1. Kirkwood hydrodynamic radius for the stretch 565-665: how many Å is it when counted over pairs of different Cα atoms?
2. Please report, in Å, the Rg and the Dmax of the stretch 89-189, where both are computed over Cα atoms only.
3. Taking 26 Å as the cut-off for C-alpha to C-alpha distance, list the pairs among Lys130/Lys171; Lys130/Lys237; Lys188/Lys519 that go past it.
4. Report, in order of residue number, the helices in the chain meeting two criteria: a C-alpha extent of 15 Å or more along the helix axis, and a mean Kyte-Doolittle hydropathy of at least 0.5; treat each whole DSSP H run as one helix.
5. Just going by the charge dipole of the chain, with Lys and Arg at +1 and Asp and Glu at -1 on Cβ, which of Tyr547, Val434, Leu349 is farthest out on the positive end?
6. Between the DSSP loop rule and a limit of at most 12 other Cβ atoms within 10 Å, which GluC sites (Glu not before Pro) in the stretch 513-610 are left?
7. For the stretch 246-304 and the stretch 731-745, what is the separation of their C-alpha centers, rounded to whole Å?
8. Positive end of the charge dipole of the chain (Lys, Arg +1 and Asp, Glu -1 on Cβ, about the Cα centre): tell me which of Val73, Phe756, Leu521 has its Cα farthest that way.
Amino acid sequence: MTGLLQDVRFALRQLRKNPGFTLTATAMLAVAICANSTVFSWINGTMLHPIPGARNTGDLVSLMRGEPNASPVPPLSYPDYRDLRDQNHSLSGLLAYHHDWFALTHNGAAPERIYLANVSANFFDVLGVKPWLGRFFLPEEETRPDSVPYAVLSYSLWKTHFASDPAIVGKTIEIARHPGIIIGVAPKDFIGAMPGIREDVWITLNPLGTNAWRMTHRSVNWLNVVGRLQPGVTREKASHDLNARMGRMVAAYPDDHLGNNTLTIDPMWRSPFGANGYMAATLPILLAIAAVVLLLTCVNVATLTLVRFVARRREIAIRQSLGASRPQIVMQMVLEGVLISLFAGTIALLLTSWTAGAFALFFPPTSNPVALNGMLDQNVAIGIVALALLASVLCGALPAWRSSLVPAAEVLKDETASVSGSSHNRHLLNALVVAQIALSLALLVSSGLFLRTLRNLRDAGSGFDPDRVLTASVGLNMSGYNNDEAAVLRRNILDRVSTLRGVAIASMTDWVPMCFTRKTLDAYPEGYMPRPHEWFEVGRADVTPRYFETLGIPLVEGRDFSATDDDKAPRVLIVDQTAAHRYWPGQDPLGKKLLIWGRLATVIGVVQNSRHQFVNEPPEPMIYRSFYQQSDNETIVQVRTSGNPGDLAPSVEAAIREINTQLPIFDVRPLRDTMQMANIFAVMQSTFAGMFALIALILAATGIYGVVAYRTHLRTHEIGVRMALGASRANVMRLVLLQGAWLIVAGLVLGLGISFGLTRFIARLLYGVSPNDPLTIAGVVLILALMALLSCYLPARRAVRQNPVTAIREL
């Protein structure tokens with residue numbers, strides 16, 4: 001132990017002697033380790049902890065029905081859920097939930113919007129969550145309607161709205177003008193069963209008896225489900241068990257199970273419900289890119305370390321001559337790398353405590369109750385320590401081992417460039433420079449592809465014009481208004497907003513495109529009998545007259561909705577071109593009928609295709625229903641303005657308040673701002689790839705500059721002799737440039753090979769550009785080559801400007 005402490009003190013003295021190297025190496029490693037720990041903290045807070053507060057989340061699985069897709073719909077009806085829960089042999093528990101916006105209407109104050117979940121009675125038990133206060137639901141309370149239903153509060157709602165009242169259990173809460181009794185408070189970290197989505201209140205599935213129809217019909221799929229695997233049961237075995245039982249239900253009730261009824265079981269870390277489906281496609285790629293940056297940084301620091309050890313060759317040789325063994329010498333040199341890495345790891349830990357919480361900054365304002373952020377815990381801390389130790393090995397051990405290979409007698413006998421530039425160290429230096437250029441090229445190519453993808457997404461057409469459009473959501477149903485009251489309020493609101501100065505067109509809908517929400521239904525052509533596993537699920541939106549005019553969606557044929565297309569008139573539809581082609585290829589869709597929820601609706605118009613969720617999504621069929629023929633839809637006001645839509649927001653909100661001062665109004669913002677959510681992951685990928693590529697470019701330039709400058713310095717005497725014997729400045733310049741040029745060429749060739757392999761993994765994240773796009777690759781090669789040549793030119797210029805006599809005297 002005493003010897004180790006002496007070695008540590010000696011290493012610290014050596015680092016203090018060269019503060020420039022120490023600070024530079026520490027800063028570079030700290031940034032690289034922080035990049036990795038930051039992304040890992042985001043993975044830790046989302047994918048590794050998909051349901052905060054739940055027990056053993058690795059045993060939890062989500063169930064999806066039908067073809068896998070990025071935005072699946074709830075898979076089960078309540079009867080199907082009940083049968084699967086009670087009859088399976090692979091799950092120790094299966095919970096169900098359905099969530100939506102509602103309003104707190106207590107104490108006569110203005111309603112406040114909350115996200116409420118209807119849950120099965122075993123919801124908290126399956127997740128392994130214990131109450132903070134009170135209790136959770138009992139089995140007999142799952143379907144029993146009560147005059148005053150029970151409610152469980154989230155910890156944050158209890159703290160913000162009820163002042164952390166310790167006696168809250170037993171008190172009344174009013175939701176959508178219906179009183180309820182608070183029976184418990186969830187623990188602090190728990191926010192719900194859907195990854196990344198925050199829920200505020202939990203009640204049972206049918207607390208007021210209003211869901212009686214949905215509770216009894218097998219054709220109504222409205223429940224998301226999460227199961228817990230029994231000990232020793234794999235997902236494959238559970239999938240076989242559940243699909244077998246689902247097949248029996250399909251055979252028993254064929255009319256209620258049209259379409260694809262295959263169940264897919266996913267671990268919660270990549271559940272397609274919630275945020276993790278998107279996180280699993282993005283964050284691992286970012287972590288891989290960050291790992292390449294760390295490797296590149298380690299190579300750069302190893303280069304600097306090797307040059308430093310070579311400069312100390314005489315000191316090391318003398319210590320060996322005085323009796324120090326080679327392992328002792330190597331250990332002392334390695335300790336310097338370990339200390340630098342530990343300093344860098346400590347700084348990275350402090351930086352990560354801030355950057356872990358920066359994840360939420362990527363998300364623009366949205367109507368979705370998104371709750372995503374990084375998590376700095378012992379897992380991240382252990383990861384930082386592991387990265388620091390890895391960096392110490394790469395940055396210290398390899399240079400130390402190679403530096404110790406030169407015999408001490410040779411160093412003391414001839415201290416000229418023949419030792420310093422010996423094949424041992426020269427080859428390693430060359431290899432490190434080639435590796436830096438190759439890794440930098442791979443990162444720059446990936447960054448270029450991500451940046452071009454982002455530009456393509458922003459330039460791509462959405463099929464509608466979001467500029468000068470303002471949206472405002474009004475919570476009618478969530479506040480407890482019945483259908484007749486809501487219908488009157490909607491018409492009054494639309495009439496009032498339409499008269500505002502600056503409003504060119506006003507309309508209503510229940511859905512906003514490109515904001516991570518999706519509404520679907522099953523629609524079948526009149527008289528059509530679907531084949532087994534054939535599913536006619538399509539996107540849908542309920543819209544008023546002039547909706548298409550508001551968004552600038554052209555009407556291809558037929559007519560728009562009118563005010564007379566209400567609940568007393570025959571059901572009518574407008575379809576987009578994709579839906580028309582899907583249902584009636586080669587035919588005129590006007591006058592054709594679709595069967596929806598057992599009722600026929602006639603197509604009266606066809607509109608141009610538009611994007612629904614993402615710009616890069618394939619064309620999906622879309623149908624539009626008359627807003628006035630639906631009784632329980634959401635209310636979103638859309639206005640096309642004559643000027644800046646943001647300037648009109650206060651006027652629109654005030655006009656709605658004139659109709660009813662107690663209405664909850666939210667998400668009043670320009671449509672263009674709302675649509676930022678559609679490109680959020682492309683922005684995230686491009687931002688990080690761009691930052692990492694810039695770091696890589698700087699590291700590659702400094703690396704090759706340092707090596708060429710050092711190698712040129714070793715040849716100072718030789719260059720002086722050459723110039724004294726008549727060599728021209730051009731010859732000397734060419735000599736120095738050539739020693740760096742072949743390193744550049746070798747690095748670029750190796751980097752192209754790495755790039756072709758790396759871009760295969762990011763191909764599915766690109767849009768409008770090939771993974772091997774020649775323009776991007778050529779541009780990156782040109783930029784990196786010019787930067788590297790500049791790094792070689794600076795030492796060459798210094799060499800040709802020196803005095804030959806002075807150079808000859810230097811040994």
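1. On the way: mean 1/r = 0.0605 Å⁻¹.
Its Kirkwood hydrodynamic radius stands at 16.5 Å.
2. 13.9, 50
3. Numbers: Lys130/Lys171 20 Å; Lys130/Lys237 29 Å; Lys188/Lys519 32 Å.
Over 26 Å Cα-Cα: Lys130/Lys237; Lys188/Lys519.
4. Numbers: long enough: 2-17 (23 Å, -0.31); 19-46 (40 Å, 1.02); 235-252 (25 Å, -0.74); 276-311 (52 Å, 1.86); 326-355 (43 Å, 1.24); 378-392 (21 Å, 1.85); 423-459 (53 Å, 0.61); 483-498 (22 Å, -0.48); 645-659 (21 Å, 0.20); 680-714 (51 Å, 1.51); 729-762 (48 Å, 1.43); 774-800 (38 Å, 1.71).
Helix filter hits for the chain: 19-46, 276-311, 326-355, 378-392, 423-459, 680-714, 729-762, 774-800.
5. Working it through, the farthest residue towards the positive pole turns out to be Val434.
6. On the way: sites: Glu526, Glu534, Glu537, Glu549, Glu557; in loops: Glu526, Glu534.
Taking the stretch 513-610 and a limit of 12 other Cβ atoms within 10 Å, the loop GluC sites (Glu not before Pro) found are Glu526, Glu534.
7. 48 Å
8. Toward the positive end, the furthest listed residue is Phe756.
The values are calculated or read from the model by the stated rules, or taken from the named source; none is laboratory data. This structure is a prediction, so every number in the text was calculated from the model and none was measured. Cβ coordinates were reconstructed from backbone atoms using ideal geometry, including for glycine residues, and neighbour counts include every protein chain displayed. Side chains included, ligands, DNA and RNA excluded: accessible areas come from the protein's heavy atoms. Shrake-Rupley method; radii C 1.70, N 1.55, O 1.52, S 1.80 Å.
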